[in-house]
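Below is one structure, written out as structure tokens, with a few remarks after it.
The values are calculated or read from the model by the stated rules, or taken from the named source; none is laboratory data. Since the model is a prediction, treat every value here as computed from it, not as a measurement. Here Cβ is always computed from backbone atoms with ideal geometry, including for glycine, and neighbour counts include all displayed protein chains. Only protein heavy atoms, including side chains, enter the accessible area calculation; ligands, DNA and RNA are left aside. Shrake-Rupley method; radii C 1.70, N 1.55, O 1.52, S 1.80 Å.
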Amino acid sequence: MAGPGTADVEDRGKEVGGLGGFGGQELTRALFVALTVTSVSSALSGANAIALASLLSVALATLAPRTLERVKQPASALAEVFLGLFFASAGLLGGRVTGLEFSALAPVILLLLIVYGVHTIVLVLAGKVLRMTSVATSVVSNALIGGPATAAALARSKGSDPTAAILLGTLGNALATLVALLALLPILKMCTL
């Protein structure tokens, strides 16, 4: 009794678990791109690597979309796995916060009302000016508030290509991180006076 034919082995090597025509080599290529961006960012910026990694990722996707087309599907599959692990573990340490009174939370609640209020007004106006559909407006809103992971999930659930949501969310994260880091120094100086 002979084992599986060569064609069967080759086909199984190309398609891992029915993931749509990519296998170990494509997954390895996607991991290589991600690890290269992470390593370069860490080497160049140390503790602030996430801002540079986000900026490099958006720049690569914008400047060389055809080159990165080969890693799009496997990178998406890896992202789903790692985001699933992240979301599953994010609540592990969650619990009830004790000892907080409303007066301590009031400034945070006010800040959130202002942030989300301005976000909603700007988004509604931009949606009307740019004649965006409600799905596109929702995905943009999610990308700007929730980041690339949740925006990609929303886009995919609505049957849209998640690439724009991922790029917009990542660019928003990169810019917000950079602005926050730049604002941190003056705030720390004010606190030490």
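Worth pointing out:
- Point-charge dipole on Cβ atoms (K/R +1, D/E -1) for region 27-155, about Cα centre, debye to 20: 360 debye
- Largest accessible area first, the listed residues Thr170, Thr62, Thr192 line up as Thr192, Thr62, Thr170 when surface is computed with a 1.4 Å probe on the assembled protein chains.
- Each peptide in 146-154, 171-179, 102-110 gets a packing score, the mean of other Cβ atoms within 10 Å over its residues, and the list from highest to lowest is 146-154, 171-179, 102-110.
- Three-way shape label, region 109-169, alpha-carbon gyration tensor, a/c 1.5: oblate
- To put it simply, the accessible area of region 62-193 at a 1.4 Å probe is 72 percent carbon and sulfur.
- In this structure region 146-193 gives 64 Å² per residue of accessible area when probed at 1.4 Å with all protein chains present.
- When the convex hull of its Cα atoms is projected in every direction, mean area for region 17-170 (nm²): 12.6 nm²
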